[in-house]
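Enquirer: Structure provided below as structure tokens; questions to follow.
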Ligand SMILES: Cc1cc2nc3c(=O)[nH]c(=O)nc-3n(C[C@H](O)[C@H](O)[C@H](O)COP(=O)(O)OP(=O)(O)OC[C@H]3O[C@@H](n4cnc5c(N)ncnc54)[C@H](O)[C@@H]3O)c2cc1C
């Protein structure tokens, strides 16, 4: 049995996935890990904004341009982009396996970060919104949450859009919107039919961040996620949006938002956590072997060995679960509840795994020069952002009870 598995599964992965996975692993080990210390020590790294801006703040342009070059030359830039838009057209399973490798480090690797909502763009929207986001020229933020609408956005959303000629006029306040201030496009959900609400009465709009009706409060709300978190309050005041900037159909914006959450904020939390958990285990094993107390390395103490085993158990359970559900999504199965299961386990097991790693490292575990506390904060946050653990349990229970 090998503890530092780095992505093996009980079943054989197709060889093209293994090839990409190994390429990603090599890039992380050779190009990114050597940059990690500088990243962690820098007060400017941020959570919730586009990777390239974040990286430029820390490393300056040269290193970032080199990383972008690697990303583009290997095709990894297009990792999550469908074939019809010039992407690699990889399966969800492949994306999950490859992403896991990049999540082994705190330094974000630059690739196209496309909210899947934008794949519903049609006509001129494709050139105005989708393509620039794929190429990294524009960045989109997602605005669903409001001061009184978090877990129950469908029932509690107050932001309204009312038709006025060939425009919609949006009024309302969104809160906790990651990266809003530096985004170019805000994907906003607003109520267009208060009777129907989430069942045909919520619409998604693509709003230019510089629209005079958009007001973003500076500075952003501070959370414990990083030295510079980037969550914003966004007010829409008589914000006029051309009717052509509705994405998807009028009234179907809630379903589109769920699509974004199912993949980005739920299924992809699997690899997001797995990379960090594997790193925490690898670091803990190494540390336990070299740290001596009372005449022996702590690795020889059963209390420490059991901690390592507990971390290993969580990883070994989460990895095949994530891969299986990704493979089921590839067959077209509706995996909304299962993606919620991945998110639930990835965030809860992930945070406890990092908590254990910090305990094994003790004072060194608290050091901000190691990635452990940052990983812990990100995984603890994952129990809240994108739908809380309680909401995932509600989704899973609903499916369980339905199948009885
Ligand atoms: C760092 C950060 C980044 C974020 N980024 C974005 C973003 O980019 N875009 C965006 O739209 N939103 C964003 N959010 C908002 C996030 O999605 C919400 O915070 C989250 O959905 C929970 O909503 P809430 O905080 O209002 O909790 P509430 O809905 O107020 O819930 C409070 C507590 O009650 C529990 N609860 C609620 N209903 C039930 C129930 N029926 N049964 C049992 N328990 C229940 C919840 O699980 C939670 O524990 C972000 C939040 C943070 C902290």
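Enquirer: Looking only at region 31-52, count how many residues are over 14 Å from residue 111 (Cβ atoms), within 16 Å of the ligand (Cβ to nearest atom) and outside any strand (DSSP E or B).
Expert: 3
Enquirer: Quick check on residue 343: is it buried (at least 19 other Cβ atoms within 10 Å of the Cβ) and either more than 10 Å from the ligand (Cβ to nearest atom) or free of Cβ contacts under 8 Å to residues at least 60 places away in the same chain (or both)?
Expert: Spelling it out, residue 343 is indeed buried (at least 19 other Cβ atoms within 10 Å of the Cβ) and either more than 10 Å from the ligand (Cβ to nearest atom) or free of Cβ contacts under 8 Å to residues at least 60 places away in the same chain (or both).
Enquirer: The conditions are (1) more than 16 Å from the ligand (Cβ to nearest atom); (2) in contact with a helix residue (DSSP H, G or I) (Cβ under 8 Å, 6 or more places away or on another chain), and residue 392 fails exactly one of them. Which is it?
Expert: (1)
Enquirer: Taking residue 175 as the residue in question, decide whether it is within 16 Å of the ligand (Cβ to nearest atom), touching a helix residue (DSSP H, G or I) at 6+ places or on another chain (Cβ under 7 Å), touching a residue at least 12 places away in the same chain (Cβ under 8 Å) and not in a loop (DSSP other than H, G, I, E, B).
Expert: Values: within 16 Å of the ligand (Cβ to nearest atom): yes; touching a helix residue (DSSP H, G or I) at 6+ places or on another chain (Cβ under 7 Å): no; touching a residue at least 12 places away in the same chain (Cβ under 8 Å): yes; not in a loop (DSSP other than H, G, I, E, B): yes.
For residue 175, the condition - within 16 Å of the ligand (Cβ to nearest atom), touching a helix residue (DSSP H, G or I) at 6+ places or on another chain (Cβ under 7 Å), touching a residue at least 12 places away in the same chain (Cβ under 8 Å) and not in a loop (DSSP other than H, G, I, E, B) - is not met.
Enquirer: Kindly indicate whether residue 224 is within 12 Å of the ligand (Cβ to nearest atom) and either touching a strand residue (DSSP E or B) at 6+ places or on another chain (Cβ under 8 Å) or part of a strand (DSSP E or B) (or both).
Expert: No.
Enquirer: Moving on to the next point. Can you confirm whether region 126-135 contains a residue that is within 12 Å of the ligand (Cβ to nearest atom) and under 24 Å from the mean Cα position of the chain (by Cα)?
Expert: no
Enquirer: From the list 155, 165, which residue is in the same structural domain as residue 230 (by TED's automatic domain parsing) and within 19 Å of residue 196 (Cβ to Cβ)?
Expert: Details: 165 fails: within 19 Å of residue 196 (Cβ to Cβ).
Criteria check complete, one pass: 155.
Enquirer: Also, quick follow-up: Which number in (1) within 13 Å of the ligand (Cβ to nearest atom); (2) more than 14 Å from the chain's Cα centre (by Cα); (3) not in a helix (DSSP H, G or I) marks the one condition that residue 383 misses?
Expert: Going through the list (1) within 13 Å of the ligand (Cβ to nearest atom); (2) more than 14 Å from the chain's Cα centre (by Cα); (3) not in a helix (DSSP H, G or I), residue 383 breaks only (2).
Enquirer: Can you work out which of the residues in region 141-169 that are within 15 Å of the ligand (Cβ to nearest atom) and in a strand (DSSP E or B) is surrounded by the fewest Cβ atoms within 10 Å (Cβ to Cβ)?
Expert: 149
Enquirer: Additional query: Is it fair to say residue 378 is outside the structural domain of residue 42 (by TED's automatic domain parsing), buried (at least 19 other Cβ atoms within 10 Å of the Cβ) and not in a helix (DSSP H, G or I)?
Expert: No; evaluated as a whole, the condition is false for this residue.
The values are calculated or read from the model by the stated rules, or taken from the named source; none is laboratory data. Only a predicted model underlies this, so the values are computations on that prediction, with no experimental measurement involved. Cβ sites come from the backbone with ideal geometry, for glycine too, and all protein chains shown count toward neighbours.
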